[in-house]
1. Report the local net charge at H273: Lys and Arg +1, Asp and Glu -1, summed over other residues whose C-beta lies under 10 Å from its C-beta.
2. Any idea what the relative contact order of region 187-265 is, in percent, if you count C-alpha pairs under 8 Å spaced at least 6 apart?
3. Dipole magnitude of the chain about its Cα centre, charges +1 at Lys/Arg Cβ and -1 at Asp/Glu Cβ only, in debye to the nearest 20?
4. Taking a probe of 1.4 Å, how large is the accessible area per residue of the chain, in Å²?
5. Run the Debye formula on the Cα coordinates of region 438-482, all scatterers equal and no solvent, and tell me log10 I(q)/I(0) at q = 0.15, 0.17, 0.20 1/Å.
6. For the chain, which whole-number percentage of the solvent-accessible area (1.4 Å probe, protein heavy atoms only) is attributable to carbon and sulfur atoms?
7. Any chance you could give the angle, 0 to 90 degrees and rounded to 10, that helix 477-486 forms with the longest Cα principal axis of the chain?
8. Compute the signed sum of charges (Lys and Arg +1, Asp and Glu -1) over the other residues within less than 14 Å, Cβ to Cβ, of K484.
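The values are calculated or read from the model by the stated rules, or taken from the named source; none is laboratory data. The structure displayed is predicted, hence computed values, not measured ones. Note that each Cβ is placed from the backbone with ideal geometry, even for glycine, and that neighbours are counted across all protein chains shown. Note: accessible area is taken over every heavy atom of the protein model, side chains too, but ligands, DNA and RNA are not part of it. Shrake-Rupley method; radii C 1.70, N 1.55, O 1.52, S 1.80 Å.
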Amino acid sequence: MDSAGFSMKLWPPSLSTRLMLVERMTKNLITPSILSRKYGLLSKEEAAEDAKQIEALAFDSANQHFDKEPDGDGSSAVQLYAKESSKLMLEVIKRGPQTKESAEGIVSEKVKASDETTIFDISKGRRDFISAEEASELLKPLSEPGNNYKRICFSNRSFGVDAAKIAGPILSSLKDQLTEVDLSDFVAGRPEEEALEVMEIFSSALDACDLRYLDLSNNALGEKGIRAFGALLKSQKNLEELYLMNDGISEEAALAVCELIPSTDKLRVLHFHNNMTGDEGALAISKLVKHSPALEDFRCSSTRVGSEGGVALSQALGECRNLKKVDLRDNMFGVEAGIALSKVLSIFSSLTELYLSYLNLEDEGSIALANVLKESVPSLEVLEMDGNDITAKAAPALAACIAAKQFLTTLKLGENELKDEGAILIAKALEDGHGQLTEVDMSTNAIRRAGARCLAQAVVNKPGFKVLNINGNFISDEGIDEVKDIFKNSLHVLGPLDDNDPEGEDYDEEADEGGDNENDLETRLKDLDIKQEE
């Protein structure tokens, strides 16, 4: 991608991005925190109005900055936009609510009353087999004339054929009003033949329902199970949320899903967690993703997807410009798939959560992703890249990316090999701004005293910060004492250190020959700037 074409996307942000930022700031302003306990919690109405004003002021400041640099790529304007928003939001929180009157309690009661009349949920009962007699009694409210149930949840209860035959006609009578159906984990312990028959009964009963939400997770479906729900799936043209987690979705089952669902034009949420999809299955899922332009939340974690499938999924996600959350954790993507994902990341202007842990990205893949993230995705709140064999070589790119992500709440880089050099760079990136940061995980990174101290100093004064995890490293006893002293007024924020190894197992010969390597390294890096460059 040429730099001119790329810069056009950085500034100004789209209207949808600006509105999304207002929404996120409103959420943060009404979330209880240490500061809200001191200054008071804003009502949703007041927070929404403040968020609009904050965004407008931050936008004007960033726009003026951009006008002075007409040949710039817009990245510095985006960074200023985020920093100004964060600063102004902190000022509003410290100002506190301007009015004590709020209708929030009344609204909550109205919502609660409404939910009670539209949701039918039997999942809270004891987990056991349901007999025909119990099903008849349990489902009686669904048979009452004039009921207004729109959402049903049969999860956590096991239906056999007899109970399913009772439920079938009742559900069929509700076809015109149901919009959400949760049948997750509803045939537990049943023989395969019986489970498939139960699925077919429910599928036929719900055929032609115009659903927005469908959860079939935890049913060990496989291809047979997917096809048992064929009638139901074939009738869905307006689905907005589909959950198929822990269902044994193999290549054949994934192909069946693609074959049966007639349209995914309106699909916003698609979750395929913990299946045995593999590369071939991922190719099938990628076709589904490619035809889901409204997708906002995509989860395909723990699905045994390798490089080929990872590349296909990444390319397919390039058709989903509205993505807010992407979770690809615990697959075997490798460097090539990581690079493929980096090529589409810049279009996700609304992305707030990115989960990329345990993908074998290594330095090359991680650097490619970090370089793109640095210049795009202005509202990123969660970034997880644990367990990717990332070394200090990738630390400058990661640090530059992190420095630009001023809305970060969660940063996880555990189980890598960043060592002190990487830890200090990451710490420096977190020093300025990042007022919404609540969690940093740098565990199991061969970090020693200097890195631990820098990380502690970087986060200790963040308002609302909740946990720093530096367990499983090589921090000396003196280093532990220093870190605890830094957190002396908030020890609850410091995570456990029971797996720390003061002796270390990763001695560096240069460190042994060069004296106090920790202090020397910190000295060399303390004035290093995180450069925002192409």
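1. The answer is -1.
2. On the way: 115 pairs, mean separation 27.2, N = 79.
34 percent.
3. 2580 debye
4. Numbers: 23930 Å² over 534 residues.
Heavy-atom SASA per residue in the chain reads 45 Å².
5. Values returned for q = 0.15, 0.17, 0.20 Å⁻¹ are -0.34, -0.43, -0.59.
6. Exposed carbon and sulfur together represent 48 percent of the surface.
7. 80 degrees
8. Taking every other residue near K484 into account, the sum is -3.
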